[in-house]
Structure formats: structure tokens, C-alpha cells
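Below is one structure, written out as C-alpha cells; the observations come after it.
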Amino acid sequence: MGKKLFCGLAFLFCPIFLLAQAVAPVTPKRATITAGGYFSFGQTDYGQKHAFGPGVYGDFDYRVWRNIGVGIEGEARFLNFLTDSSTGSGISEQNLLGGPRVTYELGRKWVPYVKILAGGSRFHYPNFISNQTYNYTTFAFGGGVDYKLTSHITVRPADFEYQHWQFPPTGLTPWVYSVGVSYRLF
């Protein structure tokens, strides 16, 4: 009886005393938070003009199963129209969007994703129309790919969004292409 009890306790407690629990180093991180910036170029659908400008974004991702993750993306984009002498100046738009996204890790470096965003957009009319700014509800559908350059730095070589603005009378449907870089905070 004593030998069986001793062997049972040794079997149970010996790995703990030897620090032989390998769970933490073997288990990969399941949640990540990244923050980054990008440069965007798009077709605005307002007079068929192109716009460009900077933006910032943040992602929270949680790996739910093997290579599949779900998360949330938020972004703020500030675009200025490419103008010519006939349209004047002062035309700009800003987006503040957020929503869910789904990722799929290909190997250790490439992470393609799809996203559905909603939020608000501001449109500043040109000087020759009204020189005023109005807010519109916006929905965006898009996707892209991230490339993990290092364990903390990720390059976003392609991000595409198709937006729908609640712009009277029938809405605007601009598209935006962005490239950027982000840093993993957690």
C-alpha cells in the first residue's frame, strides 16, 4: 500500500517540482492587437474623381481554430480629391469605420482576410458648390492580405474596400485601395 501511494504521489507531483509543464511555451498566442497606418488611393464616385490620403487602423484578432481567426477592425481615412482647374479645391472626405473580420493564416507569414465595416463618413463639398461638410452613414465590404515581416511588424501590401454611402438621392459607391504597415502591441 505504501509503495503504491508513494509511486502515485511521485507520478503526480514530480513534473510540477521539475517545472516540466510545457503548456505555455508550446501554445501559440491566440489573441493579437495591432495598430498601423496606411496610404490610400480610390475612386470617389463623385464626379468620377480620384482621391488619395493617409489613414490609421487597428485590428483585434483571436484565433478560434487552427489557422482561422475572427476579430474586429477599426479605421480612419482622410482622402483629398485630385483636382483640376475646372472643379476648384477644398473637396475631401473622411471615413470612420469599424466591424468584424475573418482571417486565414497561410503558413507563418501570409494572412488573407475579409471584412464588413460600418460607420460614418464626412464629405466636404467644393468651394463652388457650398463649402460645407455633411455626414453620411457608410457601409464597406472588403478584404486584403497581411505579410508578417517580423514577430511585431506586419506589412499590408493590399487592402481593398467597396463602400456604399447613404448619399442623396441614390448613394455613392466609391472603392479604395490601401497599402500600409502595422505594429503588434499584444
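The values are calculated or read from the model by the stated rules, or taken from the named source; none is laboratory data. None of the values given here were measured: they were computed from a predicted structure. Note that each Cβ is placed from the backbone with ideal geometry, even for glycine, and that neighbours are counted across all protein chains shown.
Tabulated values for the structure
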{"quantity": "Residue match in the range 153-166 (condition: of a type outside the set (A, V, I, L, M), farther than 18 Å from residue 75 by Cα and in contact (Cβ under 8 Å) with a residue 40 or more places away in the chain)", "calculated": "no"}
{"quantity": "Odd one out for residue 130 among (1) loosely packed, with under 14 Cβ neighbours inside 10 Å; (2) under 16 Å from residue 33 (Cα atoms); (3) hydroxyl-bearing (Ser, Thr, Tyr)", "calculated": "(2)"}
{"quantity": "Whichever residue in the range 156-179 is β-branched (Val, Ile, Thr) and more than 14 Å from residue 40 (Cα to Cα) and, among such residues, is surrounded by the fewest Cβ atoms within 10 Å (Cβ to Cβ)", "calculated": "170"}
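Residues checked against (1) at pLDDT below 90; (2) over 30 Å from residue 91 (Cα atoms):
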{"residue": "105", "(1), (2)": "no, yes"}
{"residue": "117", "(1), (2)": "no, no"}
{"residue": "123", "(1), (2)": "yes, no"}
{"residue": "136", "(1), (2)": "no, no"}
{"residue": "143", "(1), (2)": "no, no"}
{"residue": "147", "(1), (2)": "no, yes"}
{"residue": "176", "(1), (2)": "no, no"}
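Rundown of residues vs (1) surrounded by fewer than 16 Cβ atoms within 10 Å (Cβ to Cβ); (2) at pLDDT below 85, yes/no style:
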residue	(1), (2)
51	no, no
77	no, no
89	yes, yes
100	yes, no
109	yes, no
